[in-house]
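Below is one structure, written out as structure tokens, with a few remarks after it.
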């Protein structure tokens with residue numbers, strides 16, 4: 001019985017992790033594309049490396065602070081209220097890379 005309960009706990013934990021896994025492209029489309037796809041209100045256009053370069057030159061910590069606290073027309077936390085700092089970094093890296 002103990003082995004069955006332990007196995008069930010492992011299965012439940014792995015399902016929970018899979019459900020909560022962060023998928024950068026999906027989160028970009030959900031939370032970032034509304035402004036960054038077209039460069040709305042001065043937002044750097046997604047996948048335009050030249051538009052992102054001056055921002056990246058300030059450092060990732062500065063960019064994450066800007067997202068967290070809001071900057072210009074971008075509200076605090078952008079449109080991703082549940083993102084962590086590491087997830088913001090992944091989103092910034094995703095959007096700042098040329099396609």
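A few points about this structure:
- Residue pairs meeting the criteria (Cβ under 6 Å; at least 6 apart or on separate chains; first without any contact (Cβ under 8 Å) to a residue 24 or more places away in the chain, in the range 43-60; second assigned to a loop (DSSP other than H, G, I, E, B) and surrounded by 13 or more Cβ atoms within 10 Å (Cβ to Cβ)): 45/39; 51/44; 51/45
- Some residue of the range 15-23 being modelled with pLDDT of 95 or more and either surrounded by 11 or more Cβ atoms within 10 Å (Cβ to Cβ) or more than 14 Å from the chain's Cα centre (by Cα) (or both): no
- Residue 86 free of Cβ contacts under 8 Å to residues at least 12 places away in the same chain and more than 17 Å from the chain's Cα centre (by Cα): no
- Only one entry of 72, 42, 59 meets the criterion of being under 22 Å from residue 96 (Cα atoms), over 14 Å from the mean Cα position of the chain (by Cα), surrounded by 10 or more Cβ atoms within 10 Å (Cβ to Cβ) and at pLDDT below 95, and that entry is 42.
The values are calculated or read from the model by the stated rules, or taken from the named source; none is laboratory data. Everything numeric here is computed off the predicted structure, so don't read it as measured data. Note that we place each Cβ from the backbone using ideal geometry, even for glycine, and neighbour counts take in every protein chain shown.
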